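Enquirer: Input: one structure, supplied below.
Only the coordinates and a few stated rules stand behind these numbers; no lab work does. What you see is a predicted model; the values in this text were computed from it and never measured. Reconstructed Cβ throughout: ideal geometry from the backbone, glycine too, with neighbour counts over all protein chains shown.
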Amino acid sequence: MMKKVLALCLSGYSALALAGFDVVALGVDGGVSDGNLTSYLIRNDSQPQYLALDAGSLLPGIAKGLEKGSFPQVTLELAAPYTQQGYIFRQLIGAYFISHGHLDHVAGLIIGAPEDTKKNIYAQADTILTLRNHYFNWKAWPNFTDSGNGSRLGTYRLQTVRPQQRVTLGVTGLSGVMYPLSHDRYPSSMLLVSDRSGSFAYFGDTGADALEQSRNLDSAWRVLGPLIEQKKLKGMIIETSYPNEVEDKKLYGHLTPAWLLKELKSLTQYSGGEGSLKDFPVVISHIKPSLKQGEDVRATIKQQLDQGNNLGVKFLLMEQGERQTF
Ligand SMILES: [Zn+2]
Ligand SMILES: [Zn+2]
């Protein structure tokens, strides 16, 4: 009997250990091209619904994801009467987390709102105010939220998330804890997404602590370090907007490869020291594309990250529409 119980427990444990996070990149750039702005979907791969991590581009990213086979679970029959793209947007995005109120993180949400279904939007207080006062105000766009001025269409329930407070993220089966970030002294945020099997960190735009005169990244590293040491953190998404050639005073609250590497080095103080980030997956987001001939910023940033990578971090540059499991 004991043996049977133990066997059951073990098989239960391995099923949990196998569960992971399914991430689909809907938009990977930090501006300029309106069809490819920051947004990632994440779900526990045993759950149908995703949480959208920012919402710069939604429908164009879903279309790319379908082209690349990143939504194998969504058949035409399942989606009917909607298109597969429409079904994923309306039914499989279960909730939104918005890291900060900049347009390149919310454009897809605003423009798609008339076709969306009732959902929760989670964000820190400042971001909720920006959505309410500057976008969904009947001037920039109709008020699709449940609060604010004028008549309220009520598609979105605006949920203010306080720092370090655990929240259940709608119907996704995930929970999250938000940590503040400094983005040219504008408030941005990181969300630590968790389920029973582990956690995943999503960073909105952020500058390095030294340039922002902030301790916010250091505070985030103190939280993430022990999770890395315990093998509970499956990966993270963080920005590297500009290559190393851009001067510090022109970064406007963003990271370069050199600054990210410096910050990750400081993370190792809390994750078990030298070698503790070996093979740890770090997805690079929010690269600012160049419109100049012959400039490939993605390639430059990848090369600069690899060159300075004495931590052994596994840097990943996901393409729009690509899917990865963590
Ligand atoms: Zn941005
Ligand atoms: Zn920003």
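Enquirer: For n ≥ 4 DSSP H runs only, could you compute -39500 (n - 2.57) per run for the chain, divide by its residues and tell me the 222 nm figure to the nearest 500?
Expert: -8500 deg cm²/dmol
Enquirer: Let me ask something else about it. Have a look at GLY112, ALA125, ASN310 and report the one farthest towards the positive end of the charge dipole of the chain, computed about the Cα centre with Cβ charges (Lys/Arg +1, Asp/Glu -1).
Expert: ALA125
Enquirer: Still on this structure: Which of the three applies to the chain, rounded, prolate or oblate, going by the alpha-carbon gyration tensor with a ≥ b ≥ c and a/c under 1.5 meaning rounded?
Expert: Taking the square roots of the gyration eigenvalues as a ≥ b ≥ c, the chain is rounded.
Enquirer: Amide H to amide H under 5 Å from ILE287: which residues, 5+ apart in sequence or cross-chain, H placed 1.01 Å off N in plane?
Expert: GLY30, THR240
Enquirer: Please list, by residue number, everything in the range 97-131 whose backbone N is under 15 Å from a paramagnetic label point 7 Å out along Cα→Cβ of VAL171.
Expert: From the range 97-131, the list is 116-121.
Enquirer: Quick check: pseudo-label points 7 Å beyond the Cα along Cα→Cβ at THR75 and LEU129, how many nm apart are they?
Expert: So the two model labels end up 5.0 nm from each other.
Enquirer: For a quick check: with amide H placed at 1.01 Å from N, whose amide H comes under 5 Å from ILE93's, ignoring anything fewer than 5 positions away on the same chain?
Expert: HN-HN under 5 Å from ILE93: TYR50.
Enquirer: A follow-up question, please. Please give, to one decimal in nm, the separation of the simple spin-label points placed at GLN213 and TYR82, each 7 Å out from Cα toward the Cβ.
Expert: Simple spin-label model gives 4.7 nm for this pair.
Enquirer: Relative contact order for the range 139-250 using alpha-carbon pairs under 8 Å, separation at least 6, rounded to a whole percent?
Expert: Answer for the range 139-250 is 16 percent.
Enquirer: May I pose another question? How high is the relative contact order of the chain, in percent, with contacts defined as C-alpha pairs under 8 Å that are six or more residues apart?
Expert: Contact order relative to length: 18 percent.
Enquirer: Among the listed pairs LYS250/LYS288; LYS278/LYS314; LYS231/LYS314; LYS68/LYS234; LYS265/LYS314, give every one whose C-alpha distance is greater than 19 Å.
Expert: Beyond 19 Å: LYS68/LYS234.
Enquirer: Give me the extension gain from GLU274 to ILE111: residue separation times 0.36 nm, minus the current Cα-Cα distance, reported in nm with one decimal. All intermediate terms of the calculation are to be shown ahead of the outcome.
Expert: On the way: separation 163, 0.36 × 163 = 58.68 nm, distance 4.57 nm.
Here the answer is 54.1 nm.
Enquirer: Need one number: nm distance between label points at LYS231 and GLU67, each 7 Å from Cα along Cα→Cβ, rounded to one decimal.
Expert: With each label point 7 Å from Cα toward Cβ, the separation is 3.9 nm.
Enquirer: Classify the range 208-326 as rounded, prolate or oblate from the Cα gyration tensor: take a ≥ b ≥ c as the square roots of its eigenvalues, call it rounded if a/c is under 1.5, otherwise prolate when a/b beats b/c and oblate if not.
Expert: On the way: a/c = 1.97, a/b = 1.35, b/c = 1.46.
The shape class here is oblate.
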